[in-house]
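Below: one structure, written as structure tokens.
The values are calculated or read from the model by the stated rules, or taken from the named source; none is laboratory data. Because the structure is a prediction, the values reported are computed rather than measured. FYI the Cβ positions are ideal-geometry reconstructions off the backbone, even for glycines, and counts take in every protein chain you see. These accessible areas exclude ligands, DNA and RNA; they are computed on the full protein's heavy atoms, side chains included. Shrake-Rupley method; radii C 1.70, N 1.55, O 1.52, S 1.80 Å.
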Amino acid sequence: DLAQRVSCPEEAFSEFPAYREAYPDNDIPTSGFQVSEELSYNDLLHAMMLESSSEAANTIAFHIGGGSIQNFVNLMNEKAKELGATDTNFVNPSGLFAEGQLSTANDLLKITAYAFSLPAFEKISTIE
């Protein structure tokens, strides 16, 4: 239910300080959401897909992963393998640089083709 509202957990922001320290020249794309702010999944998906919002991706991951971002990352990797994306390994849901996170153009094609089969993905990604 994309209208369901969820709260941005502290965990959605917890990796940012260490990331900034490790990669001071890399930006962290965010939407300016705050801890405990309530947003719908629809709002979070728009922020994630149109603004590359790291905290939106992490918030979705936290809630879908049953209170664990890592559980969601595990689900991402399982889905990638199910789609035949065998040269892909996700380390985080946001796409921020991380050692061990990798993919290939061919795998991304498979993942994107699947994503476009989902009505919400197609609707959001084709907004002008």
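Of all aspartates and glutamates in the structure, the ones whose alpha carbon falls short of 20 Å from that of Lys81, not counting any fewer than 8 places away in one chain, are Glu99, Asp107.
When you count the other C-beta atoms within 10 angstrom of each residue and take the mean per peptide, 18-24, 101-107 line up highest first as 101-107, 18-24.
Surface listing: Thr126, Thr59 arranged by accessible area from highest to lowest gives Thr126, Thr59, probe 1.4 Å. Accessible surface area normalised per residue over the chain is 59 Å², counting heavy atoms of protein chains with a 1.4 Å rolling probe.
Once neighbouring chains are kept in place and the probe is 1.4 Å, which whole percent of the accessible area of the range 1-105 is contributed by carbon and sulfur? C and S atoms contribute 50 percent here.
For the chain, adding -39500 (n - 2.57) for each run of n ≥ 4 DSSP H residues and dividing by the number of residues yields -14000 deg cm²/dmol at 222 nm. In the calculated pair-distance distribution of the chain, the portion above 21 angstrom amounts to 41 percent of the Cα-Cα pairs.
For the chain, the relative contact order works out to 21 percent when only alpha carbon pairs closer than 8 Å and six or more residues apart are counted.
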